[in-house]
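Single-structure report; data block below.
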Amino acid sequence: MNPKYIFISKALYIPEIKTLAIGDLHLGYEFLINNADIQIPYSEFENMKDELKKIIEDIKKRKRDIKTVVFLGDIKHFFAYKKIERDLFVELIDEIGKTADNPELIVIKGNHEKRMDFAYQKLLDFYVKGSFAFIHGDVMHKEILSPEIEIVVMGHLHPAIALKDSQKIKSEKYKCFLAGKYLGKEFIILPSFGEINTGTSLNEHLSDDRCFIPPAQLLNFEVHAIGEDNQYYNFGKLGVLEKLHDNIKK
């Protein structure tokens with residue numbers, strides 16, 4: 001793992017620029033599921049708030065500061081405007097302001113916010129701080145190719161991996177971070193933040209229409225899976241896991 005950044009739960013902390021990056025929230029997803037007559041408890045949002053508090057407390061225990069919080073897009077889930085999603089986000093950022101001593105908030109526009117500005121402030125297509133660039137990940141922005149940019153942080157892919165036993169009896173899915181090189185930069189892809197959105201098993205379903213990074217390049221990215229108690233496990237390159245999965249299927 002690059003010493004310039006730290007995985008904390010499903011978020012990324014960058015000590016050099018005192019910045020916390022948070023992947024796709026998809027606020028409102030639990031309401032969509034319930035509207036489809038799949039009854040689940042309305043606990044997703046409270047769990048998100050609790051997890052963010054723990055992340056901030058963890059950073060403080062490390063005697064680090066948070067000056068900036070970057071949301072990497074897809075704050076909301078519905079493509080149309082839903083007031084409940086905006087209200088949830090306002091409540092979330094109020095909580096962050098209290099817990100993290102009012103950091104600067106940067107909100108990147110995701111593909112779920114394409115048609116409108118969703119937050120209390122204008123959404124950005126990308127954000128640059130020091131040698132780091134932050135994007136959603138659905139489209140490339142030429143600005144991140146600047147020689148000054150060394151590391152690009154993004155979301156959008158909801159990376160996860162599926163592990164199955166040889167008899168195909170048991171299968172487990174684990175959210176993960178992906179880290180690898182593309183266009184001379186290091187890219188870090190964050191998992192989705194909520195628990196209901198379990199992510200896409202990229203060692204099962206890797207297509208060329210989800211991201212501007214070609215699948216052949218993504219196969220060379222390293223998988224940092226999130227296990228129980230937020231322990232991280234380096235499973236090596238995604239391409240190795242894909243071959244392992246293909247062998248198991250046979």
In order through segment 7-17: 3J(HN,Hα) via Karplus (6.51 cos²θ - 1.76 cosθ + 1.60), integer Hz, x for Gly, Pro
7, 10, 6, 9, 10, 10, 10, 10, x, 4, 10
Could you put Lys63, Lys54 in order, starting from the residue whose Cβ has the fewest other Cβ atoms within 10 Å?
Lys63, Lys54
Cα→Cβ-extended label distance, 7 Å offset, between Glu95 and Lys53, nm:
0.7
Pop out the ³J(HN,Hα) list for segment 223-237 in order, Karplus 6.51 cos²θ - 1.76 cosθ + 1.60 with θ = phi - 60°, rounded to Hz; leave Gly and Pro as x.
9, 10, 7, 9, x, 5, 6, 6, 7, 10, 10, 7, 8, x, 6
Per-residue HN-Hα couplings for segment 90-105 [Karplus 6.51, -1.76, 1.60; θ = phi - 60°; Hz; x = Gly/Pro]:
4, 5, 5, 6, 4, 5, 5, x, 5, 6, 9, 6, 6, x, 5, 10
Out of residues 5 or more away from Val152 or on other chains, whose amide H comes under 5 Å of its own, with H placed 1.01 Å from N in the peptide plane?
Ala133, Glu186, Phe187, Ile188
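Quick note: the coordinates plus some simple rules give every number you see, no bench work behind them. The structure presented is a predicted model; accordingly, all values stated were derived computationally and were not measured. With ideal geometry, Cβ positions are generated from the backbone for all residues, glycine too; neighbour counts draw on all protein chains shown.
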